[in-house]
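Report on the structure given below.
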Amino acid sequence: MSLFKRSRKHISIALLGLASVMVSGLTTANENTTSVTSISELKTVLSANSIVRGEFTQTRNMEMFAQPLTSQGTFLLDKSSGLLWTQATPFPVSLVLTDNKLSQRFADQPAKIITDKENPMAFYFSHIFLSVFHGDTQKLQEQFSLSFEPANEPSSDESANKSTESASWTLTLIPKSSPMNAVFEAITLQGHNDIERIELKEIRGDSTVIEFSQLSHLPEVLSDAEAQQFQF
């Protein structure tokens with residue numbers, strides 16, 4: 001089995017990295033939101049915070065199944081340490097992703113650890129999008145054609161009724177070269193100050209939507225228990 005085919009089963013893990021890396025945190029709903037009108041502004045917003053905690057709902061539509069597969073849980077992203085992704089339903093899964101190692105644990109089973117040297121393609125996807133968290137859109141543009149649609153400002157009547165709300169912007173990423181264009185047709189990001197929804201459309205017809213809620217930047221440092229999870 002080729003390295004690329006073996007790494008496809010880890011694509012969902014890489015997507016977790018994408019989803020969380022590109023979320024810099026949301027303010028309380030409808031509170032202090034402003035319109036993001038350009039990619040440069042979005043870049044600044046996405047790199048504004050070093051830590052974010054929250055909840056996720058991931059819905060995967062696969063052609064082989066009549067009903068979508070939905071999972072929920074919590075996540076924590078620390079800019080220095082990495083990503084903790086804890087799925088609670090439909091069954092418990094714990095993922096810990098650092099720059100060069102991945103730990104995956106199902107329920108009470110022993111954790112399986114993968115390194116970037118053992119399977120570099122499994123880390124390729126996440127590393128590309130880490131550049132976004134650091135504000136490096138140049139690297140992103142090497143892999144994707146970017147199409148940004150700024151938020152549409154509400155009319156005067158709408159503003160009177162929704163003075164603190166802003167419309168969502170959309171950023172669409174179209175892969176330009178392998179291995180991205182062998183897996184994804186398009187990746188669409190939407191949000192207000194930050195990313196609230198990510199949709200990933202695959203070439204073979206499957207799609208994944210990840211939505212975020214209850215996001216917070218506090219506390220601003222990892223607890224001892226959180227920090228310990230990155231030590232493996």
Inspect all residues belonging to segment 193-205 and state whether any of them is open to solvent by 70 Å² or more (accessible area, probe 1.4 Å), modelled with pLDDT of 85 or more and in a loop (DSSP other than H, G, I, E, B). yes
Please state which one of 222, 189, 215 is of a type in the set (A, V, I, L, M, F, W, C), part of a loop (DSSP other than H, G, I, E, B) and surrounded by 12 or more Cβ atoms within 10 Å (Cβ to Cβ). 222
Condition first: more than 19 Å from the chain's Cα centre (by Cα) and touching a residue at least 40 places away in the same chain (Cβ under 8 Å). Can you find one or more residues in segment 81-101 that meet it? no
Out of everything in segment 101-116 that is open to solvent by 80 Å² or more (accessible area, probe 1.4 Å), at pLDDT 90 or above and not in a strand (DSSP E or B), what residue ends up being nearest to residue 73 (Cα to Cα)? 109
With the requirement that a residue be surrounded by 18 or more Cβ atoms within 10 Å (Cβ to Cβ) and more than 16 Å from residue 211 (Cα to Cα), what does segment 50-62 give you? 51
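Residue by residue, here is whether (1) farther than 16 Å from residue 37 by Cβ; (2) out of contact with any Leu (no Cβ under 7 Å at 6 or more places or on another chain); (3) among the basic types (Lys, Arg); (4) at pLDDT below 90 holds:
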position	(1), (2), (3), (4)
161	yes, yes, no, yes
167	no, yes, no, yes
208	yes, no, no, no
216	yes, yes, no, yes
Of 69, 84, 140, 97, the only residue that is touching a strand residue (DSSP E or B) at 6+ places or on another chain (Cβ under 6 Å) and at pLDDT below 90 is 97
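The values are calculated or read from the model by the stated rules, or taken from the named source; none is laboratory data. Values in this document were obtained by computation on a predicted structure and should not be read as measured data. Cβ: placed from backbone, ideal geometry, glycine included. Neighbour counts: every protein chain shown. When the accessible area is computed, the model is the full protein with side chains, heavy atoms only, and any ligands, DNA or RNA have been set aside. Shrake-Rupley method; radii C 1.70, N 1.55, O 1.52, S 1.80 Å.
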